[in-house]
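Asks: Please find one structure pasted underneath; my questions will follow.
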Amino acid sequence: QKTFDDLNLEIAGQDVGRSSRFLPEDRKGKADADQRKEQEASTRRMISKLQEWLNDPEYAAAWNRADTVLDNLQTKLTKLSDQLAERIERLEDVVGGLEDNTATTDDSALVFRNAEGQLVGSDGEPLSPDDAAKVTNSEHAQSYEQYRDAQDALRKAREKQDRYSDMQRDVQRWRDRLNDPDNPMTLEEIEEMERQFGEWETEIHAMNNAAPNFVEATTPLSSDPNDDPKFTIQPVIF
């Protein structure tokens, strides 16, 4: 029975743990070659497409370059987003403080004072003489220009934060694709991604070198009626 089993194993090209006893050398060589081919095919099936492509020096260099840029870009966007979140919180405090402490009409509409000394609504439109006469706490009217600039700065900061979030989602999408074992980025796609990186660098630089907005609360509002009810402000750059 052992002899019969060994013969069948040799015919199948499998190792029997000893020298071939039954097949001629040419049959044995062919069986060994077939076995090696099957092992190589099995190994290729186990290697992902990404692993296969990374064996190419040109692709590996492009892949490593893109991976590094993605890391750096993600780090930069995270830092900028965290800083911007803090600024948005401060600006929200400024806007909320101005709204909470400014004068109001008898129906609780916000009233500010513009640079010309006129009482105006939150849209900057002057109040009519009759409406202005109904404002009993006009001495607390906050600067309309400060309120307008704070609102504008807050809007721009939120828009910038939304843009950073879009970029972060794209970075994650690109990273997932770059590391996809079965459908990795081609060289052409990596080059296109790098071109997009260059455009983003220009955009990020422009967003962070815009003209400063002059809105940020630096002292808390005082509840003492003898104190000036207006905010103290200083420039803050976005």
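Laboratory data are not the source of any read-out in this text; all were calculated from the coordinates shown. Everything numeric here is computed off the predicted structure, so don't read it as measured data. Here Cβ is always computed from backbone atoms with ideal geometry, including for glycine, and neighbour counts include all displayed protein chains.
Asks: Tabulate in residue order the Karplus-calculated ³J(HN,Hα) for region 68-80, using 6.51 cos²θ - 1.76 cosθ + 1.60 with θ = phi - 60°, rounded to whole Hz; enter x for Gly and Pro.
Replies: Going residue by residue, I get 5, 5, 4, 4, 5, 5, 5, 4, 5, 5, 5, 5, 5 Hz, with x marking Gly and Pro.
Asks: Once you have the Cα-Cα distance between D107 and D149, take 0.36 nm times their residue separation minus that, and quote the gain in nm to one decimal.
Replies: Separation in residues times 0.36 nm, less the Cα-Cα distance, equals 12.6 nm.
Asks: Further, regarding this structure: With labels modelled as points extended 7 Å from the Cα through the Cβ direction, what inter-label distance (nm, one decimal) is found for E189 paired with A115?
Replies: 5.4
Asks: For every other residue with a beta carbon closer than 15 angstrom to the beta carbon of D180, add +1 if it is Lys or Arg and -1 if Asp or Glu, then tell me the sum.
Replies: Summing Lys and Arg as +1 and Asp and Glu as -1 gives -1.
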